[in-house]
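The values are calculated or read from the model by the stated rules, or taken from the named source; none is laboratory data. Keep in mind that this is a model prediction, so the values were computed, not measured. As a convention, Cβ positions derive from the backbone with ideal geometry for all residues, glycine included, and neighbour counts pool all protein chains shown.
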Amino acid sequence: MKTNPIKWFSIKNSFGLLVQAISLLSVIALFDVPAQAQSCRRNSNLIGANLSGAEYNGGKYPAVYGRDYIYPTNADVLYMKKLGFNVIRLPFLWERIQPELFGDLNRTELGLLNAAVSLINQNGMSVILDIHNYGSYKGKVLGSTGLPDAALADLWKRLAMTYVNNSLVIFGLMNEPVGMSLTQWSDIAHQSVKAIRTTGAKNLILVPGGNWSGAHGWLFESNGVSNAKALSDLAKADDKLVFEVHQYFDSDYSGTHDTCVPGDKVHLIFSNLTDWARTNRVRFFLGEFGVPKNDQCLAILDESVAYLNRNADVWTGWTYFSGGTWFGNHPYTLQPAQGESPQAKILAKHANACAS
(Lines give C-alpha, C1' and ligand atoms only; values in the text may rest on other atoms or scores of the structure.)
Protein backbone atom coordinates (compact mmCIF):
# COMPACT_ATOMS: atom_id res chain seq x y z
CA MET A 1 0.00 0.00 0.00
CA LYS A 2 1.46 3.34 -1.06
CA THR A 3 1.11 6.25 1.33
CA ASN A 4 2.25 9.85 1.24
CA PRO A 5 5.11 11.08 3.50
CA ILE A 6 4.39 13.30 6.48
CA LYS A 7 3.81 16.88 5.36
CA TRP A 8 3.43 19.89 7.61
CA PHE A 9 0.39 22.05 7.08
CA SER A 10 1.03 25.75 6.55
CA ILE A 11 -0.24 28.03 9.29
CA LYS A 12 -2.86 30.28 7.76
CA ASN A 13 -5.42 30.45 10.53
CA SER A 14 -6.22 29.01 13.94
CA PHE A 15 -7.53 25.80 12.43
CA GLY A 16 -4.28 25.32 10.56
CA LEU A 17 -2.35 25.86 13.79
CA LEU A 18 -4.39 23.18 15.53
CA VAL A 19 -3.84 20.69 12.69
CA GLN A 20 -0.10 21.32 12.76
CA ALA A 21 0.08 20.73 16.53
CA ILE A 22 -1.82 17.47 16.23
CA SER A 23 0.46 16.31 13.40
CA LEU A 24 3.56 17.09 15.44
CA LEU A 25 2.28 15.17 18.46
CA SER A 26 1.50 12.18 16.24
CA VAL A 27 5.05 12.01 14.92
CA ILE A 28 6.53 12.32 18.41
CA ALA A 29 4.24 9.58 19.69
CA LEU A 30 5.16 7.30 16.78
CA PHE A 31 8.89 7.54 17.38
CA ASP A 32 8.96 8.22 21.11
CA VAL A 33 11.98 7.27 23.21
CA PRO A 34 11.70 5.74 26.68
CA ALA A 35 13.65 7.14 29.59
CA GLN A 36 16.16 4.27 29.68
CA ALA A 37 17.23 4.82 26.05
CA GLN A 38 20.52 6.46 25.16
CA SER A 39 21.60 8.28 22.02
CA CYS A 40 24.26 6.92 19.69
CA ARG A 41 27.92 7.75 20.28
CA ARG A 42 30.50 7.52 17.51
CA ASN A 43 33.09 5.88 19.75
CA SER A 44 30.80 2.99 20.73
CA ASN A 45 28.11 2.61 18.04
CA LEU A 46 28.67 1.12 14.60
CA ILE A 47 27.30 3.33 11.84
CA GLY A 48 27.97 2.60 8.20
CA ALA A 49 27.16 0.66 5.05
CA ASN A 50 27.76 -2.52 3.14
CA LEU A 51 30.26 -2.38 0.25
CA SER A 52 29.10 -4.88 -2.34
CA GLY A 53 31.31 -6.64 -4.85
CA ALA A 54 33.24 -9.53 -3.30
CA GLU A 55 30.06 -11.64 -3.03
CA TYR A 56 29.15 -11.37 -6.73
CA ASN A 57 28.84 -14.35 -9.11
CA GLY A 58 28.70 -16.90 -6.34
CA GLY A 59 28.01 -19.78 -8.72
CA LYS A 60 31.40 -19.51 -10.43
CA TYR A 61 34.14 -21.85 -9.17
CA PRO A 62 36.67 -20.50 -9.72
CA ALA A 63 35.80 -16.88 -10.42
CA VAL A 64 38.11 -14.27 -11.91
CA TYR A 65 38.97 -11.35 -9.66
CA GLY A 66 38.28 -8.00 -11.28
CA ARG A 67 35.86 -9.52 -13.78
CA ASP A 68 33.45 -11.65 -11.72
CA TYR A 69 33.90 -9.98 -8.34
CA ILE A 70 35.77 -7.13 -6.66
CA TYR A 71 36.77 -5.95 -3.21
CA PRO A 72 36.25 -2.28 -2.23
CA THR A 73 38.39 0.30 -3.96
CA ASN A 74 40.13 3.19 -2.25
CA ALA A 75 37.53 5.55 -3.75
CA ASP A 76 34.68 3.45 -2.29
CA VAL A 77 36.20 3.53 1.18
CA LEU A 78 36.98 7.25 1.06
CA TYR A 79 33.39 7.99 0.05
CA MET A 80 32.05 6.07 3.05
CA LYS A 81 34.48 7.90 5.31
CA LYS A 82 33.26 11.21 3.85
CA LEU A 83 29.69 10.31 4.85
CA GLY A 84 30.85 10.03 8.46
CA PHE A 85 30.68 6.24 8.74
CA ASN A 86 32.85 4.26 11.14
CA VAL A 87 32.15 0.70 9.94
CA ILE A 88 31.94 -1.22 6.67
CA ARG A 89 30.11 -4.52 6.34
CA LEU A 90 32.15 -6.50 3.82
CA PRO A 91 30.27 -9.34 2.06
CA PHE A 92 32.41 -12.13 0.60
CA LEU A 93 32.02 -15.83 -0.19
CA TRP A 94 32.86 -18.93 1.82
CA GLU A 95 33.77 -20.94 -1.31
CA ARG A 96 36.44 -18.44 -2.32
CA ILE A 97 38.11 -18.02 1.06
CA GLN A 98 38.00 -21.80 1.79
CA PRO A 99 37.79 -23.77 -1.50
CA GLU A 100 37.69 -27.13 0.33
CA LEU A 101 35.67 -27.78 3.48
CA PHE A 102 37.88 -28.13 6.57
CA GLY A 103 40.82 -27.08 4.40
CA ASP A 104 43.25 -24.18 4.59
CA LEU A 105 42.15 -20.68 3.68
CA ASN A 106 43.07 -19.76 0.12
CA ARG A 107 46.18 -17.59 0.25
CA THR A 108 45.29 -15.46 -2.76
CA GLU A 109 41.76 -14.75 -1.56
CA LEU A 110 42.94 -14.15 1.99
CA GLY A 111 45.43 -11.65 0.61
CA LEU A 112 42.63 -9.77 -1.15
CA LEU A 113 40.53 -9.83 2.01
CA ASN A 114 43.44 -8.66 4.17
CA ALA A 115 44.13 -5.80 1.78
CA ALA A 116 40.50 -4.66 1.98
CA VAL A 117 40.49 -4.92 5.78
CA SER A 118 43.71 -2.90 6.01
CA LEU A 119 42.39 -0.24 3.64
CA ILE A 120 39.23 0.21 5.69
CA ASN A 121 41.07 0.15 9.02
CA GLN A 122 43.62 2.70 7.81
CA ASN A 123 40.73 5.06 7.16
CA GLY A 124 39.59 4.77 10.76
CA MET A 125 36.73 2.31 10.24
CA SER A 126 35.93 -1.14 11.57
CA VAL A 127 35.15 -4.07 9.27
CA ILE A 128 32.38 -6.65 9.59
CA LEU A 129 33.41 -9.89 7.89
CA ASP A 130 30.16 -11.08 6.33
CA ILE A 131 30.06 -14.65 5.02
CA HIS A 132 27.43 -13.91 2.38
CA ASN A 133 26.24 -17.47 1.75
CA TYR A 134 22.68 -17.75 3.12
CA GLY A 135 23.65 -20.84 5.12
CA SER A 136 24.96 -22.78 2.12
CA TYR A 137 28.22 -23.88 0.51
CA LYS A 138 28.39 -24.86 -3.18
CA GLY A 139 24.64 -25.38 -3.22
CA LYS A 140 24.44 -27.51 -0.09
CA VAL A 141 22.67 -26.30 3.06
CA LEU A 142 24.39 -26.43 6.43
CA GLY A 143 23.43 -29.58 8.28
CA SER A 144 22.59 -31.50 5.13
CA THR A 145 24.51 -34.43 3.66
CA GLY A 146 27.95 -33.22 2.62
CA LEU A 147 27.86 -30.03 4.70
CA PRO A 148 28.04 -30.86 8.42
CA ASP A 149 27.26 -28.35 11.15
CA ALA A 150 30.91 -28.23 12.18
CA ALA A 151 32.02 -26.87 8.79
CA LEU A 152 31.09 -23.29 9.64
CA ALA A 153 32.80 -23.53 13.02
CA ASP A 154 35.96 -24.70 11.26
CA LEU A 155 35.87 -21.72 8.89
CA TRP A 156 35.41 -19.27 11.73
CA LYS A 157 38.18 -20.79 13.81
CA ARG A 158 40.56 -20.17 10.90
CA LEU A 159 39.33 -16.63 10.32
CA ALA A 160 39.45 -15.85 14.04
CA MET A 161 43.06 -16.98 14.22
CA THR A 162 43.82 -14.59 11.36
CA TYR A 163 42.23 -11.55 13.03
CA VAL A 164 42.59 -12.40 16.72
CA ASN A 165 44.78 -9.32 17.30
CA ASN A 166 42.66 -6.86 15.34
CA SER A 167 39.84 -5.44 17.47
CA LEU A 168 38.59 -3.43 14.47
CA VAL A 169 37.44 -6.67 12.80
CA ILE A 170 33.95 -7.93 13.66
CA PHE A 171 32.78 -11.45 12.88
CA GLY A 172 29.42 -11.77 11.10
CA LEU A 173 28.71 -15.51 11.27
CA MET A 174 26.51 -15.89 8.19
CA ASN A 175 24.35 -13.74 5.96
CA GLU A 176 20.64 -14.63 6.21
CA PRO A 177 20.85 -18.39 6.96
CA VAL A 178 17.89 -20.26 5.52
CA GLY A 179 16.90 -23.83 4.67
CA MET A 180 17.37 -25.27 8.16
CA SER A 181 15.29 -25.24 11.32
CA LEU A 182 15.83 -22.44 13.81
CA THR A 183 16.94 -25.01 16.39
CA GLN A 184 19.54 -26.36 14.00
CA TRP A 185 20.78 -22.88 13.16
CA SER A 186 21.06 -22.14 16.88
CA ASP A 187 23.25 -25.24 17.34
CA ILE A 188 25.48 -24.21 14.42
CA ALA A 189 25.79 -20.69 15.78
CA HIS A 190 26.73 -22.01 19.23
CA GLN A 191 29.45 -24.21 17.72
CA SER A 192 30.82 -21.32 15.65
CA VAL A 193 30.94 -18.90 18.57
CA LYS A 194 32.67 -21.52 20.73
CA ALA A 195 35.24 -22.16 17.98
CA ILE A 196 35.99 -18.44 17.73
CA ARG A 197 36.44 -18.04 21.47
CA THR A 198 38.78 -21.06 21.73
CA THR A 199 41.31 -19.07 19.65
CA GLY A 200 41.40 -16.35 22.30
CA ALA A 201 39.70 -13.88 19.96
CA LYS A 202 37.64 -11.29 21.85
CA ASN A 203 36.27 -9.66 18.71
CA LEU A 204 32.62 -8.64 18.57
CA ILE A 205 30.47 -11.40 17.04
CA LEU A 206 27.23 -10.79 15.13
CA VAL A 207 24.82 -13.74 15.23
CA PRO A 208 22.00 -13.50 12.67
CA GLY A 209 18.54 -14.92 13.03
CA GLY A 210 17.49 -17.82 10.86
CA ASN A 211 14.82 -17.68 8.16
CA TRP A 212 16.45 -14.77 6.30
CA SER A 213 17.18 -12.81 9.52
CA GLY A 214 14.20 -10.49 9.17
CA ALA A 215 13.57 -8.21 12.13
CA HIS A 216 9.85 -8.56 11.41
CA GLY A 217 10.09 -12.34 12.04
CA TRP A 218 12.31 -12.38 15.14
CA LEU A 219 9.45 -13.12 17.52
CA PHE A 220 7.39 -15.31 15.17
CA GLU A 221 7.36 -19.05 15.87
CA SER A 222 8.03 -21.76 13.29
CA ASN A 223 7.20 -25.26 14.56
CA GLY A 224 7.01 -23.84 18.06
CA VAL A 225 10.38 -22.05 17.92
CA SER A 226 11.28 -18.44 17.18
CA ASN A 227 14.67 -16.81 16.73
CA ALA A 228 14.01 -15.15 20.08
CA LYS A 229 13.62 -18.51 21.82
CA ALA A 230 16.33 -20.36 19.90
CA LEU A 231 19.12 -17.80 20.24
CA SER A 232 18.55 -15.73 23.40
CA ASP A 233 20.76 -17.87 25.66
CA LEU A 234 23.71 -17.37 23.33
CA ALA A 235 24.00 -13.65 24.03
CA LYS A 236 23.55 -14.04 27.77
CA ALA A 237 26.72 -16.12 27.93
CA ASP A 238 28.89 -13.70 25.91
CA ASP A 239 28.94 -9.93 26.43
CA LYS A 240 30.74 -9.42 23.10
CA LEU A 241 27.90 -10.91 21.08
CA VAL A 242 25.10 -9.04 19.33
CA PHE A 243 22.15 -10.34 17.32
CA GLU A 244 22.04 -9.26 13.68
CA VAL A 245 18.75 -8.62 11.88
CA HIS A 246 17.89 -7.23 8.45
CA GLN A 247 14.84 -5.19 7.51
CA TYR A 248 13.68 -3.81 4.21
CA PHE A 249 10.58 -1.66 4.14
CA ASP A 250 8.64 -2.89 1.09
CA SER A 251 5.51 -5.03 1.19
CA ASP A 252 7.23 -8.43 1.50
CA TYR A 253 10.37 -7.06 3.24
CA SER A 254 12.58 -8.32 0.41
CA GLY A 255 14.08 -5.04 -0.75
CA THR A 256 12.91 -5.62 -4.32
CA HIS A 257 9.99 -3.19 -4.69
CA ASP A 258 9.79 0.54 -5.31
CA THR A 259 7.22 1.39 -2.60
CA CYS A 260 7.27 1.02 1.18
CA VAL A 261 4.77 -0.02 3.82
CA PRO A 262 3.44 2.73 6.14
CA GLY A 263 5.92 4.16 8.61
CA ASP A 264 3.93 3.08 11.65
CA LYS A 265 4.25 -0.55 10.55
CA VAL A 266 8.04 -0.20 10.28
CA HIS A 267 8.19 1.49 13.66
CA LEU A 268 6.20 -1.32 15.28
CA ILE A 269 8.75 -3.87 14.02
CA PHE A 270 11.64 -1.98 15.58
CA SER A 271 9.85 -1.05 18.80
CA ASN A 272 8.82 -4.68 19.41
CA LEU A 273 12.44 -5.80 19.12
CA THR A 274 13.60 -2.91 21.28
CA ASP A 275 11.21 -3.87 24.06
CA TRP A 276 12.17 -7.54 23.82
CA ALA A 277 15.89 -6.72 23.91
CA ARG A 278 15.57 -4.51 26.99
CA THR A 279 13.58 -7.20 28.80
CA ASN A 280 16.14 -9.88 27.91
CA ARG A 281 19.23 -7.65 28.28
CA VAL A 282 20.56 -8.29 24.78
CA ARG A 283 21.48 -6.07 21.83
CA PHE A 284 20.71 -5.90 18.11
CA PHE A 285 22.56 -4.74 15.01
CA LEU A 286 20.73 -3.83 11.78
CA GLY A 287 23.05 -5.34 9.18
CA GLU A 288 20.97 -4.61 6.07
CA PHE A 289 18.24 -2.14 5.20
CA GLY A 290 17.61 0.05 2.20
CA VAL A 291 15.00 2.06 0.32
CA PRO A 292 14.38 3.46 -3.16
CA LYS A 293 14.54 7.23 -3.56
CA ASN A 294 10.85 8.17 -3.46
CA ASP A 295 9.62 10.64 -0.86
CA GLN A 296 7.59 8.17 1.18
CA CYS A 297 10.41 5.65 1.55
CA LEU A 298 13.01 8.34 2.24
CA ALA A 299 10.83 9.73 5.03
CA ILE A 300 10.62 6.27 6.63
CA LEU A 301 14.38 5.83 6.26
CA ASP A 302 14.97 9.15 8.02
CA GLU A 303 12.58 8.35 10.86
CA SER A 304 13.80 4.77 11.33
CA VAL A 305 17.51 5.61 11.53
CA ALA A 306 16.74 8.41 13.97
CA TYR A 307 14.83 5.92 16.14
CA LEU A 308 17.67 3.38 16.10
CA ASN A 309 20.20 6.06 17.02
CA ARG A 310 18.05 7.29 19.90
CA ASN A 311 17.76 3.74 21.24
CA ALA A 312 21.47 2.97 21.16
CA ASP A 313 21.31 1.01 24.41
CA VAL A 314 19.65 -1.73 22.33
CA TRP A 315 20.74 -0.94 18.77
CA THR A 316 24.52 -1.27 18.53
CA GLY A 317 24.36 0.25 15.06
CA TRP A 318 23.46 -0.22 11.42
CA THR A 319 24.91 -0.76 7.94
CA TYR A 320 22.86 0.33 4.94
CA PHE A 321 22.69 -1.92 1.85
CA SER A 322 24.48 -0.96 -0.25
CA GLY A 323 27.44 1.01 -1.52
CA GLY A 324 30.27 0.15 -3.89
CA THR A 325 30.76 1.19 -7.50
CA TRP A 326 29.78 -2.29 -8.73
CA PHE A 327 26.33 -1.83 -7.17
CA GLY A 328 25.78 0.50 -10.12
CA ASN A 329 22.61 2.56 -10.35
CA HIS A 330 20.47 0.20 -8.29
CA PRO A 331 17.52 2.15 -6.82
CA TYR A 332 18.92 1.66 -3.29
CA THR A 333 22.52 2.62 -4.01
CA LEU A 334 24.49 5.18 -2.01
CA GLN A 335 26.86 5.79 -4.94
CA PRO A 336 24.99 6.48 -8.19
CA ALA A 337 27.13 7.50 -11.14
CA GLN A 338 25.33 10.83 -11.42
CA GLY A 339 26.26 12.04 -7.93
CA GLU A 340 25.28 11.81 -4.27
CA SER A 341 22.05 9.95 -3.56
CA PRO A 342 19.29 11.24 -1.28
CA GLN A 343 19.76 8.10 0.83
CA ALA A 344 23.42 9.05 1.40
CA LYS A 345 22.43 12.57 2.50
CA ILE A 346 19.99 11.20 5.09
CA LEU A 347 22.46 8.68 6.48
CA ALA A 348 25.29 11.21 6.61
CA LYS A 349 23.05 13.54 8.60
CA HIS A 350 22.42 10.85 11.21
CA ALA A 351 26.01 9.62 11.24
CA ASN A 352 27.34 13.09 11.95
CA ALA A 353 24.65 13.81 14.53
CA CYS A 354 26.02 11.12 16.87
CA ALA A 355 27.99 12.44 19.81
CA SER A 356 31.74 11.84 19.90
Quiz item: What is the residue count in the stretch 278-337 for residues that are within 18 Å of the chain's Cα centre (by Cα), of a type in the set (S, T, N, Q) and under 19 Å from Val207 (Cα atoms)?
Solution: 2
Quiz item: Taking the stretch 64-95, which residues are among the β-branched types (Val, Ile, Thr) and either surrounded by fewer than 16 Cβ atoms within 10 Å (Cβ to Cβ) or in contact (Cβ under 8 Å) with a residue 60 or more places away in the chain (or both)?
Solution: Val64, Ile70, Thr73, Val87, Ile88
Practice problem: Scan the stretch 115-142 residue by residue and report those that are surrounded by fewer than 19 Cβ atoms within 10 Å (Cβ to Cβ) and touching a residue at least 24 places away in the same chain (Cβ under 8 Å). | Solution: Ala115, Asn121, Asn123, Gly124, Tyr134, Lys138, Val141
Quiz item: Taking the condition among the aromatic types (Phe, Trp, Tyr) and closer than 19 Å to Gly317 by Cβ, does Phe220 pass?
Solution: no
Self-check item: Members of the stretch 234-254 that are in a loop (DSSP other than H, G, I, E, B) and among the aromatic types (Phe, Trp, Tyr)
Solution: Tyr248, Phe249, Tyr253
Quiz item: Scanning the stretch 234-247 for residues that are touching a strand residue (DSSP E or B) at 6+ places or on another chain (Cβ under 9 Å) and modelled with pLDDT under 95, which turns out farthest from Gly209 (Cα to Cα)?
Solution: Asp238
Exercise. Would you check if there is a residue in the stretch 287-307 being surrounded by fewer than 21 Cβ atoms within 10 Å (Cβ to Cβ) and under 27 Å from Gly66 (Cβ atoms)?
Key: no
Quiz item: Looking at this structure, is Tyr320 of a type in the set (Phe, Trp, Tyr), assigned to a strand (DSSP E or B) and either over 17 Å from Arg89 (Cβ atoms) or in contact (Cβ under 8 Å) with a residue 40 or more places away in the chain (or both)?
Solution: yes
Self-check item: Residue satisfying all of: in the stretch 35-66; in contact with a strand residue (DSSP E or B) (Cβ under 9 Å, 6 or more places away or on another chain) and outside any loop (DSSP other than H, G, I, E, B); farthest from Asn309 (Cα to Cα) among these
Solution: Leu51
Practice problem: Name every residue in the stretch 136-151 that is modelled with pLDDT of 95 or more, touching a strand residue (DSSP E or B) at 6+ places or on another chain (Cβ under 6 Å) and at positive phi, in order of residue number. | Solution: none
Quiz item: What single numbered condition from (1) within 19 Å of His190 (Cβ to Cβ); (2) at pLDDT 95 or above; (3) of a type outside the set (Gly, Ala, Ser); (4) not in a helix (DSSP H, G or I) fails to hold for Leu231?
Solution: (4)
Self-check item: Check on Met174, of a type outside the set (Ser, Thr, Tyr) and touching a strand residue (DSSP E or B) at 6+ places or on another chain (Cβ under 7 Å)
Solution: yes
Quiz item: Any idea which residue in the stretch 203-217 is surrounded by the most Cβ atoms within 10 Å (Cβ to Cβ), counting only those that are assigned to a loop (DSSP other than H, G, I, E, B) and out of contact with any Ser or Thr (no Cβ under 7 Å at 6 or more places or on another chain)?
Solution: Gly210
